[in-house]
1. Checking the conditions here, which among PHE251, PHE224 is closer than 15 Å to VAL152 by Cα, surrounded by fewer than 20 Cβ atoms within 10 Å (Cβ to Cβ), in the same structural domain as LYS164 (by TED's automatic domain parsing) and within 27 Å of the chain's Cα centre (by Cα)?
2. (1) at pLDDT below 90; (2) under 24 Å from THR132 (Cα atoms): which one isn't true of ILE184, the others all being true?
3. Based on this model, can you work out whether ILE169 counts as touching a Leu at 6+ places or on another chain (Cβ under 7 Å) and without any contact (Cβ under 8 Å) to a residue 40 or more places away in the chain?
4. I'm trying to understand the selection: among the residues of the range 211-227, which are free of Cβ contacts under 8 Å to residues at least 60 places away in the same chain and more than 23 Å from LYS263 (Cβ to Cβ)?
5. Hey, does the range 83-92 have a residue that's surrounded by fewer than 10 Cβ atoms within 10 Å (Cβ to Cβ), over 27 Å from VAL222 (Cβ atoms) and at pLDDT 80 or above?
6. Hey, could you check the range 67-105 for residues that are outside any helix (DSSP H, G or I) and of a type in the set (Val, Ile, Thr) and say which is farthest from GLY36 (Cα to Cα)?
7. Return the residue satisfying two criteria in turn: it lies in the range 196-207 and is surrounded by 18 or more Cβ atoms within 10 Å (Cβ to Cβ) and free of Cβ contacts under 8 Å to residues at least 60 places away in the same chain, and of such residues it is farthest from the chain's Cα centre (by Cα).
8. Condition check: surrounded by 10 or more Cβ atoms within 10 Å (Cβ to Cβ) and part of a loop (DSSP other than H, G, I, E, B). Does VAL44 satisfy that?
Amino acid sequence: MIVQKNFLSKLRDFGLNTYESKLWTALLSRGLSTAGELSDIANVPRSRTYDVLESLERKGFIIRRLGKPIKYIAVPPGEVLERVKAKIKLESEKKVEMMEELKGSDVLNELGLLHSQGIELIEPTDLTGAITGRENLYNHIESRISKAVSSVSMLTTPTGLMRKSSFLIPVFKKLKSKGIKVRIATQINKDMAGIIAELSKYTEVRHTDIRGRFCIIDGSEVIFMLLDDGIVHPSYDVAIWASTKFFANAFEGVFDSKWQSMKAAPIILK
């Protein structure tokens, strides 16, 4: 039986290695077969076949039929998919529980202490770095914004605001409860009415013709994106994070001067 390599590689999504993929697909094509037959069909060394079949049995992909010679029956792919989904869900839940348990643990407290002591030894000019990948970038933005103590000022694109809103709104809600001022400037359009209405409960949103992407936190640190999110692939999105009060203050001064002339969201959406 000849199975294309790209097809076998897709079976990795089921959690199978190359030999497991070959033997499972071979058994699917036969329905019922011995280890020796499967070894010949799938071109898997006989010395490995029994171990691999045992692994497939533990994972729930095949069933061993009683009797001699030992034969194997393939579990239908639809059933396998449901089993794999259930296993992934269970493993994820266990990992989340473990992370939750670590929150108040001595281990996390010790790690936090190490970090805070290390930060004290770092020069402010050294707290600058590049962040690659949109997911990493958004995680960093969320992390830094959530620690704001006085203000957050953001310039973003409409599509960027729509994407970020799912994790930004809960953060902004907490910031408002602490009395922290949040300002957002973007190119407002009618399609954004719903998300603007939700954001306006916790922030002030204004319209600007300036297209850019940056975030200033507490006038002491800046995250600015280098590329147009309408063009760059999410994996190649890049930002620079700089923790420097001198630069951030100057940057926020420019934002303040432009903010005064920006129109409020309700005026644009009339």
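1. From the options PHE251, PHE224, the qualifying one is PHE224.
2. Checking ILE184 against (1) at pLDDT below 90; (2) under 24 Å from THR132 (Cα atoms), the one that fails is (1).
3. Values: touching a Leu at 6+ places or on another chain (Cβ under 7 Å): yes; without any contact (Cβ under 8 Å) to a residue 40 or more places away in the chain: yes.
It is true that ILE169 is touching a Leu at 6+ places or on another chain (Cβ under 7 Å) and without any contact (Cβ under 8 Å) to a residue 40 or more places away in the chain.
4. Just the residues of the range 211-227 that are free of Cβ contacts under 8 Å to residues at least 60 places away in the same chain, to begin with: 211-213, 220, 222, 224, 226-227.
Those that are free of Cβ contacts under 8 Å to residues at least 60 places away in the same chain and more than 23 Å from LYS263 (Cβ to Cβ): SER220, VAL222, PHE224, LEU226, LEU227.
5. Here is the first cut: in the range 83-92, the residues surrounded by fewer than 10 Cβ atoms within 10 Å (Cβ to Cβ) are none.
No, the range 83-92 contains no residue that is surrounded by fewer than 10 Cβ atoms within 10 Å (Cβ to Cβ), over 27 Å from VAL222 (Cβ atoms) and at pLDDT 80 or above.
6. So in the range 67-105, the residues outside any helix (DSSP H, G or I) come out as 67-76, 104-105.
With of a type in the set (Val, Ile, Thr) added as a condition, the list becomes 70, 73, 75.
On the way: ILE70: 10, ILE73: 14, VAL75: 19 Å.
Checked the range 67-105; the qualifying residue farthest from GLY36 (Cα to Cα) is VAL75.
7. ARG206
8. On the way: surrounded by 10 or more Cβ atoms within 10 Å (Cβ to Cβ): yes; part of a loop (DSSP other than H, G, I, E, B): yes.
So VAL44 passes the test.
The values are calculated or read from the model by the stated rules, or taken from the named source; none is laboratory data. In this text, all values refer to a predicted model and were calculated from it rather than measured experimentally. In this analysis, Cβ positions are derived from the backbone assuming ideal geometry, glycine residues included, and neighbour counts consider all displayed protein chains.
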